[in-house]
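J.: Please see the structure below; I have some questions.
FYI, it's all coordinate maths here, none of it is from the lab. Quick caveat: nothing in here was measured; it's all calculated off a predicted structure. As a convention, Cβ positions derive from the backbone with ideal geometry for all residues, glycine included, and neighbour counts pool all protein chains shown.
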């Protein structure tokens with residue numbers, strides 16, 4: 001009886017949630033059809049890129065609580081892998097999408113393995129150092145590969161065989177948001193699984209997590225590798241959209257902004273990342289009229305937000321929602 | 001040999017800038033456990049204030065104070081204005097957020113940094129400014145074949161003097177013991193009757209003030225200042241702080257000097273372009289073998 | 001392997017276990033035997049090294065010297081998560097829950113090491129993964145029921161009362177289906193009624209074929225439920241025996257109250 005009561009509560013909650021999600025998806029689908037202005041669609045595209053990057057950092061920072069202030073370095077690896085392999089060897093960029101992800105992931109694994117045991121701020125400075133090393137190396141044009149400060153240009157548009165080329169703003173818009181959608185789907189499932197819980201245990205109390213059988217080293221590395229892979233995907237899409245990559249896109253400042261996306265939204269909260277990314281990417285655009293004052297406002301808003309919502313705008317809710325999928329399956333199998 | 005000594009001297013000079021900034025970082029981190037991203041911008045602000053004084057008071061300086069007096073006046077102004085800015089930022093951007101924990105304070109610090117940076121850009125304009133040569137004291141000395149700028153020597157001596165004073169305050173006085181106690185455990189220190197507010201006042205006034213002095217020194221040494229330079233110097237100073245052992249003030253001094261020397265050696269013997277890569281690689285290597293920095297103590301986690 | 005280790009009734013055994021912190025010898029040549037199906041206690045004055053023994057046994061600290069075995073299996077050099085997989089679960093002196101997670105999620109942590117679904121299975125939600133999730137949740141709910149906290153299962157752990165947090169921590173450890181349960185001062189901070197309940201609860205656990213090792217300050221608890229008591233002082237074992245024997249042992253009384261001459265000074 002009690003269980004049934006609970007189930008109906010869960011269902012009511014999930015139904016409300018479902019409507020909200022459907023509405024949101026519709027909004028995103030219809031946006032380019034209603035607003036036919038390429039500038040706004042482009043802004044929405046970069047909102048998508050920041051969301052993807054935010055989601056990727058959210059795994060490391062939000063779920064596991066590891067301070068990563070060099071996350072843009074992973075995106076740089078993905079972007080430059082795509083740029084170099086595409087311009088030198090003509091490999092189609094869509095094929096390079098998984099390759100960029102894997103390259104960034106392997107890089108993250110190699111770099112993070114020896115440093116993963118460092119605590120808090122020490123890990124933080126090492127990730128900053130890593131990000132800076134990547135950026136400075138790219139800037140210095142090693143082996144004539146990265147083109148120095150000018151970067152690599154002439155990257156092709158993504159093509160699906162001869163069927164379709166993603167070559168205009170609305171197509172790019174759909175491209176990035178479909179990738180974001182799939183990522184969100186996968187990440188929600190991970191959050192509600194053994195893996196996601198293990199990440200959270202580590203964030204909450206690393207010693208207790210260890211003592212309860214969580215292989216801390218493995219899960220921290222997994223978070224870094226997965227986060228880097230997603231950042232690599234974002235880097236690939238970014239490179240194909242701009243057709244040029246240059247080191248300044250991956251500066252320390254950008255990594256800091258990603259950090260803010262996660263914290264403004266709320267640690268470990270996927271809707272929070274959407275809000276944080278919206279704040280970071282839309283704010284400067286919306287306040288264009290203020291010209292040079294807009295970044296001044298931006299800084300002030302960051303302070304004010306933290307005064308009033310220190311836990312983020314949309315912190316992760318814990319409670320019954322967690323049980324939803326499993327309970328519903330269990331119910332079905334009983335019938 | 002000559003090159004080594006010259007580069008060592010240059011390295012120490014740059015290192016002393018890092019040290020001065022890093023000490024402020026380290027004090028704030030030690031007591032508040034806050035990575036104060038705005039700290040580099042206090043340094044920039046000091047540099048601009050010193051510049052403004054020198055440009056506006058140019059006739060007064062050349063007629064009455066002399067260039068050395070002008071330098072001292074610029075440093076004083078920089079120290080005072082950066083100190084006031086530091087206290088203001090603490091009051092507005094940090095104090096209301098402390099209770100919420102460390103991470104929101106990091107975002108707030110980043111917000112403050114962006115705010116100050118852009119405020120400087122709006123006030124003084126986006127283009128870099130130059131400390132003109134008629135306000136910069138110093139002359140080249142030729143000693144046994146070495147060409148040494150006397151300004152560099154003065155900068156070095158002055159920074160060592162400031163570091164020495166701070167070292168004395170922190171390590172040898174009762175007030176310094178109170179600072180160190182607060183850094184170890186703020187709550188217990190407060191229970192023992194230490195006035196935490198006074199300590200916060202002290203670190204947020206003195207830390208930025210030292211940064212401001214470093215700002216004027218950098219302006220005189222490199223001649224060129226820009227509104228974004230705080231970001232780079234701040235990052236280096238943060239690196240120095242960690243290298244020395246975070247929250248450890250002598251560690252920050254040592255870390256800064258080592259960083260400066262490393263940077264110079266790296267650019268002389270490896271490649272100028274890769275000097276920062278070299279610096280960060282050394283940092284990572286040091287942390288691999290000493291996970292809490294050079295002077296940082298190994299803390300066994302209490303279970 | 002010598003005969004003693006194969007003997008079935010020894011769950012945990014330490015031999016000459018030694019742990020130093022700098023110049024301080026926190027645990028010095030410590031020998032301990034924990035018998036199957038019994039409640040063993042370690043007592044001793046503050047700073048005697050009891051918690052350090054626990055931390056070494058559960059892999060949080062590395063011993064400097066000595067050996068330790070669980071069911072005859074050598075544990076030296078294993079990491080905490082491996083030791084849990086072997087079947088030793090613990091609680092902490094100053095409760096270490098996962099504060100911002102629900103009670104149910106806290107208890108599910110115990111089952112983490114008993115599951116094996118990976119990232120892809122979780123993303124594609126394979127039947128095996130779903131079954132595993134169901135099993136984990138079932139066990140977690142049972143354990144919550146067992147300690148009487150079912151009503152709080154969706155509350156955040158940091159929001160429940162202190163006494164309940166203690167029980168939640170025990171439930172979390174039990175959820176890992178351990179052979180040996182190690183409790184570090186389980187009654188500290190509990191009121192008399194809660195302590196009474198705890199003793200009854202531990203007694204029931206023993207009847208369910210569990211072995212318990214505990215550190216305890218409350219002599220009523222120690223004397224009331226222990227089958228065997230080991231006394232530590234300054235990192236060494238100074239006495240052991242049945243509760244009654246230990247209680248009247250002059251060496252123990254001295255360790256707790258100090259020598260007469262010291263008092264005179």
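J.: What relative contact order, as a whole-number percentage, does region C:98-175 give when Cα pairs under 8 Å and 6 or more residues apart are counted?
T.: Reported as a whole number, the value is 52 percent.
J.: Now for a separate question. Show log10 I(q)/I(0) for region B:176-303 at q = 0.17, 0.20, 0.21 Å⁻¹, two decimals, from a solvent-free Debye sum over equal Cα scatterers.
T.: With one equal scatterer per Cα and no solvent, log10 I(q)/I(0) is -1.03, -1.23, -1.28.
J.: Now for a separate question. Could you pull out which residues in region B:15-36 have an amide N less than 18 Å from a spot 7 Å beyond the Cα of residue B:156, following the Cα-Cβ vector?
T.: Counting only backbone N, you get B:15-20.
J.: Starting from the alpha-carbon convex hull of chain A, give the projected area averaged over all orientations, in nm². Don't skip to the end; give the middle numbers.
T.: Working: hull surface 81.2 nm².
If I average the Cα hull's projected area over directions, I get 20.3 nm².
J.: In what sequence do B:179, A:22 fall when counting other Cβ within 10 Å, fewest first? Show your work: numbers first, answer last.
T.: Numbers: B:179 23, A:22 10.
Fewest-to-most Cβ neighbours within 10 Å comes out as A:22, B:179.
J.: Hey, any idea what Rg/Rh is for the protein assembly as shown, computing Rh the Kirkwood way over Cα pairs?
T.: 1.01
J.: Starting from the 7 Å offset along Cα-to-Cβ, what nm value, one decimal, do you get for the label separation of residue A:113 and residue B:144?
T.: Result: 5.1 nm between the two label points.
J.: Compute the FRET efficiency between residue C:76 and residue B:288 as 1/(1 + (r/R0)^6), taking r as their Cβ-Cβ distance and R0 = 35 Å, and round to the nearest 0.05.
T.: Computed FRET efficiency for residue C:76 and residue B:288: 0.85.
J.: Once both labels are modelled 7 Å past Cα along the beta-carbon direction, what's the residue B:91-residue C:46 spacing in nm?
T.: Once both label points are built, they end up 4.2 nm from each other.
J.: How many angstrom separate the Cα center of region A:144-178 from the Cα center of region A:304-318?
T.: Using only Cα atoms to place each centre, the spacing works out to 36 Å.
J.: Calculate, for residue B:201 and residue C:196, the FRET efficiency according to 1/(1 + (r/R0)^6) with r their C-beta to C-beta distance and R0 41 Å; round to the nearest 0.05.
T.: Calculated value: 0.20.
J.: Just rank B:217, C:219, fewest to most, by other beta-carbon atoms within 10 angstrom.
T.: C:219, B:217
J.: Let me ask another. So for the protein assembly as shown: antiparallel DSSP bridges make up what percent, rounded to the nearest 5?
T.: The antiparallel proportion sits near 65 percent.
J.: Right, another one. When the Cα atoms of region C:98-175 are enclosed in a convex hull and the volume is divided per residue, what value in Å³ results?
T.: 83
J.: A follow-up question, please. Select from B:31, B:261, B:107 the residue whose mean-square fluctuation is largest in a Gaussian network model of chain B (Cα-Cα springs shorter than 10 Å).
T.: Of B:31, B:261, B:107, the most mobile in the Gaussian network model is B:107.
J.: Counting pairs of alpha carbon atoms under 8 Å apart in space and at least six apart in sequence, what relative contact order in percent does chain B give?
T.: So the answer I get is 37 percent.
J.: For Cα pairs less than 8 Å apart in space and 6+ apart in sequence, what is the mean separation divided by the residue count of chain A, i.e. the relative contact order in percent?
T.: It comes to 31 percent, rounded to a whole number.
J.: Specify the angular offset, from 0 to 90 degrees and rounded to the nearest 10, of the alpha carbon long axis of helix A:252-265 from the longest principal axis of the alpha carbons in chain A.
T.: 20
J.: I'd like the distance separating the alpha-carbon centroids of region B:1-22 and region C:24-95, in whole Å.
T.: So the two Cα centres are separated by 52 Å.
J.: Right, another one. Would you mind checking the tilt of helix A:72-89 against the longest principal axis of the Cα atoms of chain A, expressed as 0 to 90 degrees and rounded to 10?
T.: Helix A:72-89 and the main axis of chain A meet at about 50 degrees.
J.: Follow-up. Computed over the Cα atoms of region B:2-289, what is the ratio Rg over Rh, Rh following Kirkwood?
T.: 0.97
J.: Given the DSSP H assignment, sum -39500 (n - 2.57) over each helix run of at least 4 residues in the protein assembly as shown and divide by its residue total; what's the result at 222 nm in deg cm²/dmol, nearest 500? Kindly include the intermediate steps, with their values, before the conclusion.
T.: On the way: 36 runs with 556 residues, N = 903.
Per the formula, -20500 deg cm²/dmol.
J.: Considering the alpha-carbon set of region A:205-267 alone, what are its Rg and its Dmax in angstrom?
T.: 16.0, 49
J.: Determine the shielding of peptide C:167-175 by partner chains: average, over its residues, the number of Cβ atoms on other chains within 10 angstrom of each Cβ.
T.: Whole-number average of other-chain Cβ neighbours for C:167-175 is 1.
J.: Right, here's the next one. Based on the inverse mean of 1/r over its pairs of different Cα atoms, what is the Kirkwood hydrodynamic radius of region B:228-277, in Å?
T.: Working: mean 1/r = 0.0896 Å⁻¹.
Result for region B:228-277 stands at 11.2 Å.
J.: Can you pull the mean other chain C-beta count within 10 Å for peptide C:115-124?
T.: 5
J.: While we're on this one: By how many degrees, 0 to 90 and rounded to 10, does the Cα axis of helix B:174-184 deviate from the longest principal axis of chain B?
T.: Taking the Cα atoms of chain B, the angle to B:174-184 is about 60 degrees.
J.: Also: Taking neighbour counts of Cβ atoms within 10 Å as a proxy for exposure, in what order, fewest first, do B:233, B:280 appear?
T.: Ranked by crowding around the Cβ, least crowded first: B:280, B:233.
J.: Report the label-to-label distance for residue C:254 and residue B:175 in nanometres (one decimal), using points 7 Å from each Cα along the Cα→Cβ vector.
T.: Those two pseudo-labels are separated by 5.3 nm.
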